[in-house]
Structure formats: structure tokens, C-alpha cells
Amino acid sequence: MSEPKTGPALRVRTVAEPPFSGEAVAELIRAVLDRGKAFRFRALGLSMSPFIKDGDVITVAPLGAAPPRTGEIATFVHSVSGKVRVHRIVGVERGRYLLKGDNALESDGEVPAEHILGRVIRVERGGRRVWTGQGLAGAAIARALRSGWLVRGLRRAARTFRREKKGT
Amino acid sequence: MEDLIKRDAAYGPSGDIVAREIEGEVVIVPLASGVGDMEGELYTLNETGRAIWRKLDGTKKVREIAAELSEEFEAPPEVLEADVAGLLAELLKRKMVAEKE
């Protein structure tokens, strides 16, 4: 564990310390975004691979006046687990959002608008900005995710790659 | 820096932070750069720091806070006054608190 940078009463919280619960992280993100500021944090997991990988640094911005759109990547609170997730909006139905990880088999179900915290505006990997496939591309990816062929295709490609690698 | 803290002044959280008490910790997120950053820019306070922070409401003077803490912690007010001033100096240096009128 790294040494605290400041005196004993005030110190920097290191990443080696126990992480906060999903609810606590959501509260912090919401508090920052409510002030009109962006929030940066590190991605955990592979559900948004290849666009967002484990360890990437994500910047989330407040939604502002523009409601989230299909194809955008949003930070939201999962209705069941209460955890903060970063997944793509694949549709809007009856005022509720449908979200799904680009590399996830299951969708997140319907997410109420108030659970959407903000939109992902930047992803960095190794200090360099990476393309997240939003905008027009995002809408196309969202359609593919809803139909299910994108994940199936990515998994098939991964299996083929592994087989070929074993064969070499 | 500690000497710059006025004992007869009141200090409170600045507009450049978000502070939340979550899961037993006081967490301070600086916003001066325009971004709240969980990567190495999340601050927390120890037990004494938390007790001091809760009293930084922008109306109580440093001496008054030290006197209140002296009763709670059964410690000499002059010791606690130094603790309050020390923490305030750290917070002030990072623009996490401001002197209030």
C-alpha cells in the first residue's frame, strides 16, 4: 500500500483500500454530476469489451438537458444489485431504458430514467483516448446487441481465434 | 501554514468540493479541476478529522470547535486547537475549506 500523501487527519484514499459499495459509489457519482461536473473512475470487468476494458479510465458527464439516446454508453444503478454499471443503451420503451453490455449475454432489463447517472464521454487506456463506438456507430451496435448477433459473433470469433492459436 | 489559521475565524466546506459521509468515512472529492476523480483524488479523514469536519459549518470559530471537542474527547483545548488548525491548514492548502464571513 502506498504511503498517504498528507498528514494523519487528511489523506488520499488509495485504490488498495476496500472499495465502497455500489450504493456509496452511486451516491458519490450522483453528488459530483449534480454539481455539473464530470467524474472519472476505473472500469472493472469485461462486460463492455472491446470498447471498454478492465482497468480503463472512464469519464462520465452529467446528462444535462439532453436525455440519453440509444447507442450511448451510460453509467447507471442496476435495479437489482444496486451496483453502478457502465453499459450501452440499446433501446427506450415506455420511458424506461434498456441497457446491455457489449460483451454481456444478458441485458440489464428495464432501467428507470432516474437510475441513469450520466453518459460516458471519454475512455482512456494507458493514458490514451480510445474509441467507444457511440454516435451513429453506437446506434448500429445497439441494434446488433438487441438482436443478439453481436455478442454471438464476438464469442464465435474469440473461439475461432483460440482454436487457431492452439493449432499453431 | 498552521499559523495562518485564525483562531477567531469560522471555516466551512468550499464550493470546490463534494463531501459525503459514506460507510463510516468522510469522503472529499475535489472539483476545482472540473472533474471529480476517483483515481488518486479521493480524500478521507481519520476519526479526529471526522469529528472536526462535522463541526466546520461556517459559523463556529476555531476556538469554539476546539472547546467543544475538548469536552467530547476529554483533552486539553490547546491541544485540540492545534489539531483543528493543523487539519484546517491541510484543507485550506487544497482549497477544500474557505474562511466564512
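The values are calculated or read from the model by the stated rules, or taken from the named source; none is laboratory data. What you are looking at is a predicted structure, and each value in this text was computed from that prediction instead of being measured. Glycine also receives a Cβ, built like all others from the backbone with ideal geometry; neighbour counts cover every protein chain displayed. Calculation scope for accessible area: heavy atoms of the full protein, side chains included, ligands and nucleic acids excluded. Shrake-Rupley method; radii C 1.70, N 1.55, O 1.52, S 1.80 Å.
Just to confirm, what accessible area per residue do you get for region A:22-162 at 1.4 Å probe, in whole Å²? Walk me through the numbers on the way to the answer.
Values: 7130 Å² over 141 residues.
Solvent-accessible surface per residue comes out at 51 Å².
Under 1.5 on a/c is rounded, so check that first for region B:1-51, then, if it is not, pick prolate when a/b is larger than b/c and oblate when it is not; a ≥ b ≥ c are the square roots of the alpha carbon gyration tensor eigenvalues. Don't skip to the end; give the middle numbers.
Numbers: a/c = 2.16, a/b = 1.37, b/c = 1.58.
The shape class here is oblate.
Need one number: nm distance between label points at residue A:66 and residue A:16, each 7 Å from Cα along Cα→Cβ, rounded to one decimal.
My value for the distance between the label points is 4.2 nm.
Rounded, prolate or oblate: pick one for chain B, where a ≥ b ≥ c are the square roots of the eigenvalues of its C-alpha gyration tensor, a/c under 1.5 means rounded, and failing that, prolate if a/b is larger than b/c, else oblate.
Numbers: a/c = 2.13, a/b = 1.52, b/c = 1.41.
Judged from the Cα gyration tensor, chain B comes out prolate (a/c at least 1.5, a/b above b/c).
Longer than 20 Å from Cα to Cα, which of A:53/A:83; B:61/B:95; A:37/B:55 are they? Say none if no pair is. All intermediate terms of the calculation are to be shown ahead of the outcome.
Working: A:53/A:83 18 Å; B:61/B:95 18 Å; A:37/B:55 26 Å.
The pairs that break the limit, which is 20 Å between Cα atoms, are A:37/B:55.
What residues of region B:41-60 lose no less than 20 Å² of accessible area with every protein chain in place versus their chain by itself (probe 1.4 Å, heavy atoms only)?
Going by heavy-atom accessible area, the residues of region B:41-60 that drop by at least 20 Å² are B:42, B:43, B:44, B:46.
Just to confirm the filter: which chymotrypsin sites (Phe, Trp or Tyr not before Pro) across region A:49-158 are DSSP coil and have at most 11 other Cβ within 10 angstrom of their Cβ? Working shown, then result.
On the way: sites: A:51, A:76, A:97, A:131, A:149; in loops: A:51, A:131.
Those that pass, being in a loop and sparsely packed, are A:131.
Can you sort B:54, A:128, B:94, A:119 by solvent-accessible area, 1.4 Å probe, largest first? Kindly include the intermediate steps, with their values, before the conclusion.
Values: B:54 135, A:128 175, B:94 65, A:119 35 Å².
So, going from the largest accessible area down, we get A:128, B:54, B:94, A:119.
Leaving out ligands, DNA and RNA, and with a 1.4 Å probe, what % of the accessible surface on the protein assembly as shown is carbon or sulfur?
Numbers: 7460 of 14240 Å².
Carbon with sulfur: 52 percent of the solvent-accessible area.
Taking springs between alpha-carbon atoms closer than 10 angstrom, which of B:18, B:27, B:35 fluctuates most in the Gaussian network model of chain B?
B:35
If you fit an axis through the alpha-carbon atoms of helix B:62-73 and take the longest principal axis of the Cα set of chain B, what angle between them do you get, 0 to 90°, nearest 10?
Its long axis makes an angle of about 80 degrees.
Counting only protein heavy atoms and rolling a 1.4 Å probe, how much accessible area do A and B lose on contact, total for both sides, in Å² to 100?
2600 Å²
With every protein chain kept in place and ligands, DNA and RNA left out, what is the accessible area per residue of region B:3-101? Probe 1.4 Å, answer in Å². Kindly include the intermediate steps, with their values, before the conclusion.
Values: 4720 Å² over 99 residues.
With all protein chains present, region B:3-101 gives 48 Å² per residue.
Working with all protein chains in place, sort A:143, B:20, A:11 by solvent-accessible area computed with a 1.4 Å probe, largest first.
A:143, B:20, A:11
Dividing the convex hull volume of the Cα atoms of the protein assembly as shown by its residue count, what figure in Å³ per residue is obtained?
Details: hull volume 43.7 nm³, N = 269.
Taking the convex hull of the Cα positions in the protein assembly as shown, it is 163 Å³ per residue.
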